[in-house]
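Notes follow the structure.
The values are calculated or read from the model by the stated rules, or taken from the named source; none is laboratory data. What you see is a predicted model; the values in this text were computed from it and never measured. Glycine also receives a Cβ, built like all others from the backbone with ideal geometry; neighbour counts cover every protein chain displayed. Note: areas computed on protein heavy atoms with side chains; ligands, DNA, RNA excluded. Shrake-Rupley method; radii C 1.70, N 1.55, O 1.52, S 1.80 Å.
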Amino acid sequence: MNPSALRLVLVSTPIGYIGSGRGGGVELTLISLIKGLLELGHEVIVVAPKGSKLPDSCSKAEIINVSGIDQPSWQHQDTSSSIIIPPSAVLPRLWEKALELGRTSDAVLNFSYDWLPIWLTPWVEADLFHLISMGGVSEVMQNLISELSRTNPNRFAFHTNRQASDYSLFEKPVVLGNGFDLKCYQLRIESKGNLAWAGRVAPEKGLEDAVAVAAALSECLLVWGVIDDPEYAALVEASAPEGTIDWRGFLSTEQLQRQLGTCRALLNTPKWNEAYGNVVVEAMACGVPVVAYDRGGPGELIVPGVTGWLVPPDDVRSMIEATSRIDEIDRQECRNWVERSASHDGFAKRVVDWIKAGLDAKES
Ligand code: UDP
């Protein structure tokens, strides 16, 4: 075993089991990272809600399933809401297990956007690190992260600078981007296909704007993802002529990339400060250029004129115009950007460097 190898405990999101899709981009981020860490020779133990499964590529990781009630997600609450921990919640149970394992591990890496694990940071023996997966959707979380960034600055990392800008941090943020296993995505150079949209179907994702673009261009929009909010989905459906949306459901990465790769462009329409935007990079990995609102993570992921177009947030007219110029984008360049900037191995190295620097800072 590599002498500098770490024994790491990774704690998944309590919003849903891995594979449910309810955890959004965190599920894929976690899987990519596990794979990258294993390839680097680190030991990985995953603590996750019952029902979670890892792909074969992660078979060397140990997985511990914990039962309990799912945590309600912060993005569907008011920013001023109090902390909710339901009776028999999975969240504290995940952390009982993680803290126990943490005593005999080098570090515990938290993937959940929750008050409890972050609050624990200065008070427990285990070394806790938090990869923050959302922008500032809750005051209580923003305040806690901002406060602890004074006393424990090395313990927080973010996906993009725009995400991190939602928090009043004491020091310059650690920004790690994200990582994708390129072998899972096939580059498709030729495409005259449909327009695409992927993500959780929920108001913060702004599907209605992508549907409006497709309707204005008399095109069909292929839509993939978990329907988080069925009432919202029905409203979006009713907002456009029949047949504008082709609902494709929530697919595995393998099936998603196969269908997505046939598309001409992905439309990305966040209404919130998207922390990163996994689907943007997954589309580019297949060679699919992206037209996105210049808001949150996607604004840092798309190189205008090279991998797609950025348009002013909420400006449907500009998105229509940019979408009609998508043929100017070279699909190979989209894939090249992902290979250079968002591979799973590069991401795993950045995460390990961050954790090692945090552990070193504690020693000194
Ligand atoms: N996704 C999927 N199958 C689908 C549609 C989406 O696995 O049919 C995944 C996609 O791979 C991505 C996640 O859903 O990892 C959405 O993540 P994103 O970062 O775009 O948004 P979030 O849901 O985290 O806000």
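Just wondering, is there one or more residues in the range 173-188 that are closer than 22 Å to SER324 by Cα and either free of Cβ contacts under 8 Å to residues at least 60 places away in the same chain or surrounded by fewer than 18 Cβ atoms within 10 Å (Cβ to Cβ) (or both)? No, that holds for no residue. Applying the condition of being open to solvent by 10 Å² or more (accessible area, probe 1.4 Å) and either within 23 Å of ASP181 (Cβ to Cβ) or aliphatic (A, V, I, L, M) (or both) to the range 312-322 and asking which residue is farthest from the ligand (Cβ to nearest atom) yields ILE320. From the list ALA202, ALA233, the one residue that fits, being farther than 18 Å from LEU266 by Cα, buried (at least 17 other Cβ atoms within 10 Å of the Cβ), of a type outside the set (Asp, Glu) and within 16 Å of the ligand (Cβ to nearest atom), is ALA233. Of the residues that make up the range 217-229, is at least one buried (at least 19 other Cβ atoms within 10 Å of the Cβ), within 14 Å of the ligand (Cβ to nearest atom) and of a type in the set (D, E, K, R)? Yes, the range 217-229 contains at least one residue that is buried (at least 19 other Cβ atoms within 10 Å of the Cβ), within 14 Å of the ligand (Cβ to nearest atom) and of a type in the set (D, E, K, R). Give the range 35-64 a look and list any residue that's under 19 Å from the mean Cα position of the chain (by Cα) and either under 20 Å from GLU100 (Cα atoms) or not in a helix (DSSP H, G or I) (or both), or say none. Passing the criteria: VAL46, VAL47, ALA48, PRO49, SER52, LYS53, LEU54, PRO55. Across the range 241-294, the number of residues qualifying as among the acidic types (Asp, Glu) and away from the ligand (no atom under 11 Å from the Cβ) comes to 3. Looking only at residues in the range 68-90 that are among the aliphatic types (A, V, I, L, M) and not in a loop (DSSP other than H, G, I, E, B), the one that is surrounded by the most Cβ atoms within 10 Å (Cβ to Cβ) is VAL90. Could you look through the range 17-41, keep only residues that are at positive phi and within 16 Å of the ligand (Cβ to nearest atom), and pick out the one that is surrounded by the fewest Cβ atoms within 10 Å (Cβ to Cβ)? Step by step, filter the range 17-41, then rank; the result is GLY19. For the subset of the range 165-195 comprising residues that are basic (Lys, Arg) and part of a loop (DSSP other than H, G, I, E, B), which member is farthest from SER133 (Cα to Cα)? Per the stated criteria, the residue is LYS192.
Conditions (1) open to solvent by less than 20 Å² (accessible area, probe 1.4 Å); (2) at pLDDT below 95; (3) in a helix (DSSP H, G or I); (4) on the phi < 0 side of the Ramachandran plot, marked per residue:
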site	(1), (2), (3), (4)
GLN332	no, no, yes, yes
ASN336	no, no, yes, yes
ALA348	yes, no, yes, yes
ALA361	no, yes, yes, yes
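For the structure I just gave you, tell me whether VAL288 is among the aliphatic types (A, V, I, L, M), part of a loop (DSSP other than H, G, I, E, B) and under 23 Å from SER343 (Cα atoms). Judged against the criteria, VAL288 is a match.
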